[in-house]
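First the structure, in the form of structure tokens, and then the observations on it.
The values are calculated or read from the model by the stated rules, or taken from the named source; none is laboratory data. Keep in mind that what you see is a predicted model, and the values were worked out from it rather than measured. Glycine gets a Cβ as well: all are built from the backbone with ideal geometry, and neighbour counts include every protein chain shown. The area values use the complete protein model at the heavy-atom level, side chains included, leaving out ligands, DNA and RNA. Shrake-Rupley method; radii C 1.70, N 1.55, O 1.52, S 1.80 Å.
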Amino acid sequence: MAISRPVRGCLVGIGGYGRTHLRAFAELEEEGLAKLTAVVVRNPAKYAGQVAELESNGVKCFTKYEDAIGERNFDFLSLCTPLQLHRPQVIAA
């Protein structure tokens with residue numbers, strides 16, 4: 001079954017495992033399968049260069065998870081947060 005449009009993803013956390021997920025999103029985007037549309041970055045000053053690059057590519061950057069969930073400009077979440085946060089984050093979504 002062909003995908004009619006790339007699925008839109010929201011990456012929560014761009015440090016640690018998030019770096020790997022950013023690379024995966026780039027590959028999926030090249031293949032036309034997925035598009036990163038939002039990220040949640042708790043400390044944007046720490047990742048200022050990455051945030052600027054993401055925003056220049058049309059990715060909306062949030063500092064609060066709840067704000068990203070409220071906007072709903074994505075089809076799925078990619079959680080790169082501590083494991084104990086996964087359950088409440090999925091429930092909130």
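Can you give the % of DSSP beta bridges in the chain that are antiparallel, to the nearest 5?
Numbers: 0 of 13 bridges.
Close to 0 percent.
Between Gln89 and Leu28, the modelled label-to-label distance comes to 1.4 nm, taking each label 7 Å out from Cα in the direction of the beta carbon.
Considering only protein heavy atoms and a 1.4 Å probe, what is the carbon-and-sulfur percentage of the accessible area of the chain?
Working: 3340 of 6040 Å².
Answer for the chain: carbon and sulfur cover 55 percent of the accessible area.
How big is the charge dipole of the chain about its Cα centre, in debye rounded to the nearest 20, if each Lys and Arg gets +1 on its Cβ and each Asp and Glu gets -1 on its Cβ? I would put it at about 260 debye. Note on Lys35: lysines with a C-alpha under 21 Å away, same-chain residues under 8 apart excluded, are Lys60, Lys64.
When the charge dipole of the stretch 12-93 is built from unit charges on Cβ atoms (+1 for Lys and Arg, -1 for Asp and Glu) and taken about the Cα centre, the candidate among Ala52, Leu33, Val90 whose Cα reaches farthest toward its positive end is Val90.
Any idea of the accessible area per residue across the chain, 1.4 Å probe, to the nearest Å²?
Numbers: 6040 Å² over 93 residues.
Per residue, the chain has 65 Å² of solvent-accessible surface.
Evaluated on the chain, the Kirkwood hydrodynamic radius is 13.4 Å, with distances taken between all distinct Cα atoms.
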